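The values are calculated or read from the model by the stated rules, or taken from the named source; none is laboratory data. In this text the structure is predicted, and so the values were computed from the model without any measurement. Glycine also receives a Cβ, built like all others from the backbone with ideal geometry; neighbour counts cover every protein chain displayed. For accessibility, only protein heavy atoms count, side chains too; no ligands or nucleic acids. Shrake-Rupley method; radii C 1.70, N 1.55, O 1.52, S 1.80 Å.
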Amino acid sequence: MKINYVSLVFIILLTIFFLDVFTNNSISRSLHSILSAIASPLFSAKAFLEDYFEKYIIIQNIKLFSDVKPDEFVVLSEDLKGYYVRNLRKKGLILNEKGQLVGFVEKTGDVGYVSKWWESEFPVTVQATDLTVIGYYKDYKITIPDPNISTEKLQGKVYMSEYLPYGKLLKNYDLNLGYYENGRFEINIPKVSKKVILLENYETDIANPENSE
């Protein structure tokens, strides 16, 4: 009888596993989101007790840009594709305390989800010494659509496209994503501490760059 129960449990788990694989991990991500929401009060209590009994109190005042007041949010957990962040209720960019791009807000709510930029797809700018080249980032690689550009000779820092929200601002502060050289992209993956910063989205007019940031 016990063997039958074990076999039944094994079959159920195997079925769930295959369903999760064929649905692009939607089951595991939904389960993770539910568990994160349930664990949020426990996490808050744990953080309160740690801060209360901590010997040294550290106050972190983050100021990145003179005309932008950043909102800080607590990181609850991390998976392969992104981060679960508490009370994230607006879409936008997520930065670390150094102002480096962490990712894009994909889901808002009591427990929001931020997709890591290096696991995403978006247009970029390669800033060489004598020219600026438009490219597209995907799967740890950069594609240069202009056939007149020799990718083997192109070298420069890589930034998020200036036509995306805050793209020009991040570029002006030299907050790059890495370095492109000889057809290869050396990625600068940021470190993420307990808190991250939200830069709320705003509308851009990609068709008319003069109206963008």
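Taken along the Cα-to-beta-carbon direction at a fixed 7 Å, the label points for residue 120 and residue 107 span 1.6 nm. In the context of the full protein assembly, residue 162 retains an accessible surface of approximately 50 Å², using a probe radius of 1.4 Å and ignoring ligands and nucleic acids.
Per residue, the range 135-197 exposes an accessible area of 59 Å² to a 1.4 Å probe, with every protein chain left in place.
Starting from 0.36 nm per residue, how many nanometres of slack lie between residue 13 and residue 182 once their C-alpha separation is accounted for? Can you show the working numbers first?
Numbers: separation 169, 0.36 × 169 = 60.84 nm, distance 4.69 nm.
So the extension gain works out to 56.1 nm.
Prolate is the label for the range 84-146, because the ratio a/c of its alpha-carbon gyration tensor axes (a ≥ b ≥ c) is 1.5 or higher and a/b is greater than b/c.
In terms of accessible area, using a 1.4 Å probe and ignoring ligands and nucleic acids, 193, 115 rank largest first as 193, 115.
What's the extension gain from residue 91 to residue 132 if we count 0.36 nm per residue and subtract their Cα-Cα distance?
That works out to 11.9 nm of additional length.
Exposure check, 1.4 Å probe, all protein chains in place: residue 71 carries approximately 80 Å² of accessible surface.
Considering only alpha-carbon pairs that sit under 8 angstrom and 6 or more positions apart, the relative contact order computed for the range 88-213 is 26 percent.
Give the separation of the Cα centroids, the range 88-108 to the range 137-155, in Å. Cα centroid to Cα centroid, the span is 26 Å. Using a/c under 1.5 as the rounded threshold, could you call the range 127-209 rounded, prolate or oblate? The axes a ≥ b ≥ c are square roots of the C-alpha gyration tensor eigenvalues, and prolate needs a/b larger than b/c, oblate otherwise. Verdict is oblate for the range 127-209.
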